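K.L.:
Have a look at this one before I ask anything.
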Amino acid sequence: MTESNPLSPMKARITEIQQMTDIEKLIKLRFQNKTDASNFKYMPGQFIKLGVMGVGEAPISICTSQSDEPGLELCIRNAGRVTKALHNLNVGNTIWIRGPYGNGFPMEAIEGKDLLLVAGGLGIAPIRGVLQYALHHRELFGEISFLYGVRCYDLMLFKDEILDYFRHGDEKGVKLYLSYEDESDKVCYDLSCERDDRCTQGMVTKLFSMLDSKSNNSVSLIGGPPIMYKFTVRELEKMGFQPDEVYMTLERRMRCGVGQCGHCIVGTGKSIKYVCKDGPVFTLWDAMNTKGMI
Amino acid sequence: MTESLYKVITKEELSQFGYALRETGTIYAPVKTSKESHSFKQVDTLTEADLEYHRTMIPPKKFFISPKETIFTFNKEKEEYNETPAVNEPLVLFGVHPCDINALNLLAKVYLESFTDKYYSERRENTTIIGISCTPDEYCFCKSTGTDYAREGFELFLHDIGDRYLVRVGSLKGYNLLQKHASLFREVTEEDLSLYRQAEKKRLASFTKSLEMSGLQDMLDMSYNSPIWEEYGEKCLCCGSCNLVCPRCRCYDVQDYIDLNLNTGQRERKWYSCMLKEHGLVAGGHNFRATSAERLRNRVNCKGSLKEDMTNCVGCGRCSAYCPAGIDYVEILQKIRGDIE
Amino acid sequence: MSKPKLGIFSLTGCGGDQLQILNMEDQLLDLVSRFDIVDFQEGSSRKVDGDIDIAFVEGTVSTEHDLKKLKEIRARSNVLIALGNCAIEGCIQSMRNGETTLSERLKDVYGVEEGFFDAKLSKPITEYVDVEFSIPGCPVEKEETLRGITSLLHGDSPPYYSYPVCVECKLNEYPCVIVEEGKPCLGPLIRAGCNARCPSLGLDCIGCRGPVEGAENFAAEYQMLLDKGYTKQDIMNRLRVFCGELGDDFLGGGDDE
């Protein structure tokens, strides 16, 4: 984004690529222009538009928390034309960025609270940013529990980190719970044997029975595919979370990122929201007021 | 400064004013282009314009957000791109109706509020808008949406009061324009004022279409699962015309094109419509509004929503007038309200 | 890096889509220089066997010979693109499918029974083989074809039009011939990409680019035209030319009164 036109991107270069799964890559990049780098301030849950000239742009959530280290990490699933082109790039290639966009999770407003993070599938990308932020400012938050649901070990993202949290999270200040759908998954089965109080076969909602009861000072932050919200929200409501204590990040088609192009519209006459500008993070209360959100 | 912000110009002298306006910028005015359509086209003199028109098919938003435009051209090897330079040609939009002026006011909020679009702001600054009063036809319901009168967003506004126009000044730019051509205008007399009152009374009485707005937003919300969306969804051609002719719709799509040299190319922006099948499609194949009924519901709800107490629809009647399937937007909402069966 | 191998093939049809590629006079030399052209009947007598990176096929399968040729092309090709309305929807050759049988037609036209010629009921190539992409039109648009080829060279998919002609009429401010003149325009159903050429001349769209992918509004168009006084036969005749084989099922039981 430049001063003149919100649709003008900034130049960045790919510094590292890590194949995470068959369809997901972690791409690290660095801005080419120092001013761009120093102006780029973001919160977990915000997203960028990442582009390849001649193909187009795709909305990608930032999966890190702002730190002093230069650069940015993005977890990209090969799911469409643009992400396919992004997957074809190599270290050293140029990539174009606009953003950061959206509201992000309100990390400052929830200081002092216990955090219940829930992630499924690619939804871990923004939630990872939240976790990094919370661990980076560990003293500002209460207990941190992190529920992560995967289909199988092969599709698990950020494997090393997740396994590290699984085994040593308690020392770092985060309790990690893991669920896996594929009954025949040997690696995950072994994990469930290793800690049957932290890992189970089934959907992510199955992990809720392992949690202590809700403290009166907690919030939940969730990221995952649309189908996950309905069931997760039901569990959170059972636990006693109020609608304004649940934050979730939504996915929609987003062309512009600045509330102009209209593709990410959601809601009714009572409440119209543009996910890119008004979100992508909404509370459950927002969702109750805005039909079609979840 | 004691100069009045209300003046009068005779219809005879208006053409002289139109002639003089050529110094201010290229003049665009409503011109009849077919049996049922008007279009804002470049004119040399106001005699080419049809100031008694009901509506242009494409609203004046086309001057601020181009239907098709290149955002930038790029060069992959050089790793650079060049933004399309802003067009700074001064324009005069002559004969804009209140609904369209109000629509432009709302559109400006989208383009200038959180992320300022310099192109949009420059285009607006380079444009002189001269509004004109109108008589409603069977599609107009701007009185219901509260957008039948322009309070801001224009330089001058002309009220037809018989053989002359009462002129309202809407901006400092408009004021200076009047000062510059002061000899063509005169002060408002008691008789002019009386004619203006009569003209307004007559205009307000001539609406045949109306829509009650109070509570509509909640009624829409509670009608989310109403069979009405299927009913109209079946009739709808999903052609996108309603959105493309809407003065408030602003959806666009962005697409890249690369040249055969695989090095240079451009990124283009084009008007788009929420009635088109891929509007809510995300990578991976999920479509958040896969059926015509879902898209129609989204469109009607979007139009029926409020933005700072203004409805997102200005009651211009274009979507109904230009729907090939003959779907009447107001009729849908009247059914939602239970005003008709 | 060696140049990608390109083949441009014709089955039964007028050959107009190949001709459109030849018609790209300004870009033709540049275009062909980027490929190793292994087959291009209208452009060259050179034919090379072996694998093909990108194959374009125009025309319908109307003979056993067409079918054999198509299957061979498919087997040789990494990417196969249906070029033009014949290959995608069957076009004019298929317009009476479902109305008359092949043997009736052979008898009417040639006075012979089925089996005398090698003829089959004309069908688009998409009936017999998978295609990766298609470029619509009767004939295809030069610019769209060029963009498609360029995108493939760029490792991308060819751009396609997921919206109907009406969008282009509005972007160009062409008055609507349905609304203003009650013409039986197929624009609401038909893929854009022609820049609304016919409506720009005040003519109604006859549908030469075929229906928008997954068009769900056939019934709405049909009903609209019935309401305007066109008969079921008028409408079906019009739709059948370029919209492929149509059963009556999509019409939602509209009666022809």
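The values are calculated or read from the model by the stated rules, or taken from the named source; none is laboratory data. Source: prediction; values computed, not measured. Here the Cβ is made from the backbone with ideal geometry for all residues, glycine too, and neighbour counts use every protein chain on show. Keep in mind that these areas ignore ligands, DNA and RNA; they rest on the heavy atoms of the full protein, side chains included. Shrake-Rupley method; radii C 1.70, N 1.55, O 1.52, S 1.80 Å.
K.L.:
Among A:E111, A:E139, A:E181, determine the one that fluctuates most according to a GNM of chain A built with springs between C-alpha atoms less than 10 Å apart.
P.N.:
A:E139
K.L.:
Report, in order of residue number, the helices in chain C meeting two criteria: a C-alpha extent of 15 Å or more along the helix axis, and a mean Kyte-Doolittle hydropathy of at least -1.0; treat each whole DSSP H run as one helix.
P.N.:
Working: long enough: C:64-76 (18 Å, -1.58); C:142-153 (17 Å, -0.18); C:232-242 (17 Å, -0.56).
Span-like helices, by this rule, are C:142-153, C:232-242.
K.L.:
Count neighbours as other Cβ atoms within 10 Å of each site's Cβ, and list the chymotrypsin sites (Phe, Trp or Tyr not before Pro) in segment A:195-294 that are DSSP loop with at most 15 such neighbours.
P.N.:
Numbers: sites: A:F208, A:Y229, A:F231, A:F241, A:Y247, A:Y274, A:F282, A:W285; in loops: A:F241.
When the chymotrypsin sites (Phe, Trp or Tyr not before Pro) of segment A:195-294 are filtered for loop state and at most 15 Cβ neighbours within 10 Å, nothing remains.
K.L.:
Okay, moving on. How many angstrom lie between the C-alpha centres of segment A:158-185 and segment A:233-291?
P.N.:
When both Cα centres are located, 28 Å separates them.
K.L.:
If you roll a 1.4 Å probe over the heavy atoms of the protein chains, what accessible area per residue do you get for chain A, in Å²? Mind dumping the intermediate values first?
P.N.:
Values: 11660 Å² over 294 residues.
About 40 Å² of surface per residue is accessible.
K.L.:
Once you list every other residue whose beta carbon is under 11 Å from the beta carbon of B:I101, what net charge do they have if Lys and Arg are +1 and Asp and Glu are -1?
P.N.:
On the way: positive: B:R151; negative: B:D100, B:D148, B:E152, B:E155.
That sum, taken over residues with Cβ under 11 Å, equals -3.
K.L.:
Return the Rg/Rh value of segment C:165-246, two decimal places, where both radii are evaluated on C-alpha atoms and Rh is the Kirkwood radius.
P.N.:
On the way: Rg = 11.7 Å, Rh = 12.6 Å.
Rounded to two decimals, Rg over Rh is 0.93.
K.L.:
Next question, about the same structure. By how many degrees, 0 to 90 and rounded to 10, does the Cα axis of helix A:226-239 deviate from the longest principal axis of chain A?
P.N.:
It works out to around 40 degrees.
K.L.:
Okay, next question. Kindly state, to the nearest 0.05, the FRET efficiency for B:N261 paired with A:Y189, given R0 = 51 Å and r defined as their beta-carbon distance. Don't skip to the end; give the middle numbers.
P.N.:
Details: r = 54 Å, r/R0 = 1.06.
The pair B:N261/A:Y189 has a calculated efficiency of 0.40.
K.L.:
Here's another thing I want to ask about it. Ratio of segment B:255-341's C-alpha Rg to 2.2 N^0.38 Å, to two decimals? Write down the numbers at each step before the final one.
P.N.:
Working: Rg = 17.8 Å, N = 87, 2.2 N^0.38 = 12.0 Å.
For segment B:255-341, the normalised Cα radius of gyration is 1.49.
K.L.:
Separate question: Is there a simple number for the mean count of other chain Cβ atoms within 10 Å of the Cβ of residues in A:184-196, and what is it? List each step's numbers first, then the result.
P.N.:
Details: counts 0, 0, 0, 0, 0, 0, 0, 0, 0, 0, 0, 0, 0.
The mean count of partner-chain Cβ atoms within 10 Å per residue comes to 0.
K.L.:
Another one. Taking amide H positions as placed 1.01 Å from N in the peptide plane, with prolines and chain starts having none, which residues 5 or more places from A:Y148, or on another chain, fall under 5 Å of its amide H?
P.N.:
Amide H neighbours of A:Y148, under 5 Å, 5+ apart: A:A119, A:Y177, A:L178, A:S179.
K.L.:
Another question, then. Using the Cα centre of segment B:1-79 as the reference point, and only Cβ charges (+1 on K/R, -1 on D/E), how large is the resulting charge dipole? Debye, rounded to the nearest 20.
P.N.:
Values: 12 positive and 12 negative charges, 78 e Å.
So the magnitude is around 380 debye.
K.L.:
Another one. Given just the C-alpha atoms of chain B, how large is their convex hull per residue in cubic angstrom?
P.N.:
Here the figure is 177 Å³ per residue.
K.L.:
Using only alpha-carbon positions, what ratio does the radius of gyration of the protein assembly as shown give when scaled by 2.2 N^0.38 Å? Please list the in-between numbers first.
P.N.:
Details: Rg = 30.5 Å, N = 892, 2.2 N^0.38 = 29.1 Å.
Normalised Cα radius of gyration, the protein assembly as shown: 1.05.
K.L.:
For a quick check: with amide H placed at 1.01 Å from N, whose amide H comes under 5 Å from B:D50's, ignoring anything fewer than 5 positions away on the same chain?
P.N.:
Excluding prolines and chain starts, which carry no amide H, the hits are B:V31, B:K32.
K.L.:
Using Cα centres only, tell me the gap between segment B:103-124 and segment B:138-190 in whole Å.
P.N.:
23
K.L.:
May I ask you to order A:52-63, C:65-76, B:194-205 by the average number of other C-beta atoms within 10 Å around their residues, highest value first? All intermediate terms of the calculation are to be shown ahead of the outcome.
P.N.:
Details: A:52-63: 24.7, C:65-76: 16.4, B:194-205: 13.9.
Per-residue mean Cβ counts within 10 Å order the peptides as A:52-63, C:65-76, B:194-205.
K.L.:
What number comes out for the charge environment of B:F74, summing +1 per Lys or Arg and -1 per Asp or Glu over other residues with Cβ under 13 Å away? Before the final figure, lay out the partial values.
P.N.:
Working: positive: A:K11, B:K76, B:K78, B:R267; negative: A:E57, B:E77, B:E79, B:E80, B:E83, B:D256, B:D259, B:E268.
With Lys, Arg at +1 and Asp, Glu at -1, the net is -4.
K.L.:
Another question, if that's okay. In whole percent, what relative contact order does segment B:216-337 give with Cα contacts below 8 Å and a gap of six or more residues? Kindly include the intermediate steps, with their values, before the conclusion.
P.N.:
Working: 156 pairs, mean separation 39.8, N = 122.
Answer for segment B:216-337 is 33 percent.
K.L.:
To the nearest µm²/s, what D does Stokes-Einstein give for segment C:5-153 at 4 °C and 1.567 mPa s, using the Kirkwood radius over alpha carbon pairs as Rh? Don't skip to the answer; put the middle values down first.
P.N.:
Working: Rh = 15.8 Å.
It comes out at roughly 82 µm²/s.
K.L.:
With every protein chain present, what is the per residue accessible area of segment B:6-205 (1.4 Å probe, Å²)?
P.N.:
Numbers: 8810 Å² over 200 residues.
Heavy-atom accessible area per residue stands at 44 Å².
K.L.:
Which of the peptides C:107-119, C:160-172 is most tightly packed, and how do the rest follow, going by the mean number of other Cβ atoms within 10 Å of each residue? Display every interim value, and only then the final one.
P.N.:
Numbers: C:107-119: 11.8, C:160-172: 23.5.
Taking the mean over residues of other Cβ atoms within 10 Å, the ranking is C:160-172, C:107-119.
K.L.:
Sticking with this structure for a sec: Regarding segment C:70-175, what are the three Cα extents along the principal axes, ordered largest first, in Å?
P.N.:
Over segment C:70-175, Cα extents along the principal axes are 49, 45, 19 Å.
K.L.:
Hey, another quick one. Within 10 Å of each Cβ in B:152-162, how many Cβ atoms from other chains are there, averaged over the peptide?
P.N.:
Details: counts 0, 0, 0, 0, 0, 0, 0, 0, 0, 0, 0.
For this peptide, the per-residue mean of nearby foreign Cβ atoms is 0.
K.L.:
I need the phi-derived Karplus couplings for segment B:209-217: 6.51 cos²θ - 1.76 cosθ + 1.60, θ = phi - 60°, integer Hz, Gly and Pro marked x.
P.N.:
With the stated coefficients, segment B:209-217 comes to 10, 8, 9, 6, 9, 4, x, 4, 5 Hz.
K.L.:
Output wanted: per-residue J couplings in Hz (rounded whole) for segment B:194-199, from phi through Karplus 6.51 cos²θ - 1.76 cosθ + 1.60, θ = phi - 60°, x for Gly and Pro.
P.N.:
5, 5, 5, 4, 5, 5
K.L.:
While we're here: Under the rule of at least 5 residues apart or a separate chain, name every residue whose amide H is placed under 5 Å from the amide H of A:K113.
P.N.:
Residues meeting the amide H criterion: A:G142.
K.L.:
Another question, then. Could you run the Karplus curve 6.51 cos²θ - 1.76 cosθ + 1.60 with θ = phi - 60° over segment B:56-62 and give me ³J(HN,Hα) per residue in whole Hz, x for Gly and Pro?
P.N.:
These are the phi-based 3J(HN,Hα) values: 8, 5, 9, x, x, 4, 4 Hz.
K.L.:
Which of B:Q179, B:Q255, B:Q217 moves the most in a Gaussian network model of chain B with Cα springs under 10 Å?
P.N.:
Result for chain B, Cα springs under 10 Å: B:Q255 fluctuates most.
K.L.:
Another question about this same structure. With Cβ to Cβ distances under 11 Å as the rule, what net charge do the other residues near B:S114 carry (K, R +1; D, E -1)? Don't skip to the end; give the middle numbers.
P.N.:
Details: positive: A:K277, B:K109; negative: A:D278, B:E113, B:D117.
Counting the neighbours of B:S114, the net charge comes to -1.
K.L.:
Please work out the Cα center distance from segment A:60-81 to segment B:203-268, rounded to the nearest Å.
P.N.:
33
K.L.:
Further question on the same structure: Could you work out, residue by residue across A:251-257, how many beta carbons of other chains sit within 10 Å of that residue's beta carbon, and then give the average as an integer?
P.N.:
Working: counts 5, 4, 11, 1, 8, 6, 1.
Neighbouring Cβ atoms belonging to other protein chains average 5 per residue here.
K.L.:
Pick out which of A:M43, A:M107, A:M248 has the largest mean-square fluctuation in a Gaussian network model of chain A, springs linking Cα atoms closer than 10 Å.
P.N.:
Judging by the Gaussian network model, the answer is A:M107.
K.L.:
Under 8 Å for C-alpha pairs, at least 6 residues apart: give me the relative contact order for segment A:201-294, rounded to a whole percent. Kindly include the intermediate steps, with their values, before the conclusion.
P.N.:
Details: 123 pairs, mean separation 23.8, N = 94.
Normalised by residue count, the contact order of segment A:201-294 is 25 percent.
K.L.:
In deg cm²/dmol, rounded to 500, what helix-only [θ] at 222 nm does chain A give when every DSSP H run of at least 4 residues adds -39500 (n - 2.57) and the total is split over its residues? Could you put the intermediate results ahead of the total?
P.N.:
Values: 8 runs with 73 residues, N = 294.
Roughly -7000 deg cm²/dmol at 222 nm, from the helical runs in chain A.
K.L.:
Got a sec? What order do B:S121, A:S220 fall in by accessible area at 1.4 Å, biggest, i.e. largest, first? Write down the numbers at each step before the final one.
P.N.:
Working: B:S121 25, A:S220 0 Å².
Output order, biggest surface exposure first: B:S121, A:S220.
K.L.:
Can you tell me which of B:243-249, C:230-236 comes out highest on packing, and rank the rest after it, using the mean Cβ neighbours within 10 Å? Could you put the intermediate results ahead of the total?
P.N.:
Details: B:243-249: 26.4, C:230-236: 16.0.
Listed from highest to lowest mean packing, they are B:243-249, C:230-236.
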